[in-house]
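> Let me begin by handing over the structure; questions about it come next.
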């Protein structure tokens, strides 16, 4: 396994500009309908219980949240904490789309913007603008969702890639195909169409609805409650319970102090399943240039990196 010391990340932009989050007068009804529909589907899942549906939920959670959002969208694509062969990078990014949190380009751009303006004016989802705002209000009322073209400038590396250009348009397709496959696969079993429907409700609707809130808790809870190992220039904290829910993303103060590090848990008791997944890829020879910041103090430990520290 190749391990490198984490260094400040340089994010390339085409030109100097300023893009700030603000409350929009327009309510995002499209996002509201989608979010509401998946929450209704999550409730329906509770009335279609099958033991096999729990297995489907767990498998889909592993690939959608841990592999897709945490390892791919966050640690690889946003911060470039490690590298993989392109075929594997693309496959993991497709896993990320199955959480229905937007295309890789959109997700990466918003998160890099968050690191540039963390808990300052322009942060897409700072609790300083309100707890509800930081959790999901910014999605329904934020102005950035109508500025997709400008947001893409925060992810020029993805914007230039033809695969990510395609995925920016068709990011809804993988989860749609997975839903159809679950419906057909379950219906073909002994449980008939009721089992197929249960697999869809548990593997798609319930899993995505819970995944929404788990991801949003990193935006809200880990900037409100928890411990602070590093005196960063923001309100980021380490939250053990958010870390358990997310597989390691809750060690958020560690992450904001050293954003490029692929490892977020910095002591033996800071469980970081997502980093273990990256280590497994490295052992298999599929992950290289793994950047890791250890707990030992270094000159940059007590401050955030500046605008380039996405």
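All of the numbers you see were taken from the coordinates with simple rules; none came from a lab. No experiment lies behind these values; they were computed from the predicted model shown. Heads up, the Cβs are rebuilt from the backbone with ideal geometry, glycines too, and the neighbour counts pull from every protein chain shown.
> Of 81, 96, 137, which residue is without any contact (Cβ under 8 Å) to a residue 12 or more places away in the chain and closer than 21 Å to residue 242 by Cβ? Before you say what the answer is, go through the steps one by one.
Values: 81 fails: without any contact (Cβ under 8 Å) to a residue 12 or more places away in the chain; 96 fails: without any contact (Cβ under 8 Å) to a residue 12 or more places away in the chain.
Step by step, each of 81, 96, 137 is checked, and only 137 is without any contact (Cβ under 8 Å) to a residue 12 or more places away in the chain and closer than 21 Å to residue 242 by Cβ.
> Out of all the residues in the stretch 234-263, which are over 20 Å from residue 123 (Cβ atoms) and under 16 Å from the mean Cα position of the chain (by Cα)?
Answer for the stretch 234-263, where residues must be over 20 Å from residue 123 (Cβ atoms) and under 16 Å from the mean Cα position of the chain (by Cα): 243, 244, 245, 247, 248, 261, 262, 263.
> Please state which one of 223, 252, 256 is touching a strand residue (DSSP E or B) at 6+ places or on another chain (Cβ under 8 Å), surrounded by 24 or more Cβ atoms within 10 Å (Cβ to Cβ) and at negative phi.
Numbers: 223 fails: touching a strand residue (DSSP E or B) at 6+ places or on another chain (Cβ under 8 Å); 256 fails: touching a strand residue (DSSP E or B) at 6+ places or on another chain (Cβ under 8 Å).
Answer to the selection: 252.
> Can you tell me which condition residue 222 does not meet? The list is (1) under 17 Å from the mean Cα position of the chain (by Cα); (2) touching a residue at least 60 places away in the same chain (Cβ under 8 Å), and all the others hold.
(2)
> Which residues, counting only those in the stretch 110-122, are part of a loop (DSSP other than H, G, I, E, B) and on the phi < 0 side of the Ramachandran plot?
Quick first cut of the stretch 110-122, residues part of a loop (DSSP other than H, G, I, E, B) only: 117-122.
Of everything in the stretch 110-122, those that are part of a loop (DSSP other than H, G, I, E, B) and on the phi < 0 side of the Ramachandran plot turn out to be 117, 118, 120, 121.
> Report, by residue number, each residue of the stretch 83-109 that is part of a helix (DSSP H, G or I) and crowded, with 23+ Cβ neighbours inside 10 Å. Explain how you work it out, then say what you get.
Of the stretch 83-109, the ones part of a helix (DSSP H, G or I) are 86-97, 104-109.
Answer for the stretch 83-109, where residues must be part of a helix (DSSP H, G or I) and crowded, with 23+ Cβ neighbours inside 10 Å: 93, 96, 97, 104, 105, 107, 108, 109.
> Which residue, of 198, 236, is crowded, with 23+ Cβ neighbours inside 10 Å and part of a loop (DSSP other than H, G, I, E, B)? Talk me through it step by step, then tell me what you get.
Details: 198 fails: part of a loop (DSSP other than H, G, I, E, B).
Unique residue meeting the criteria: 236.
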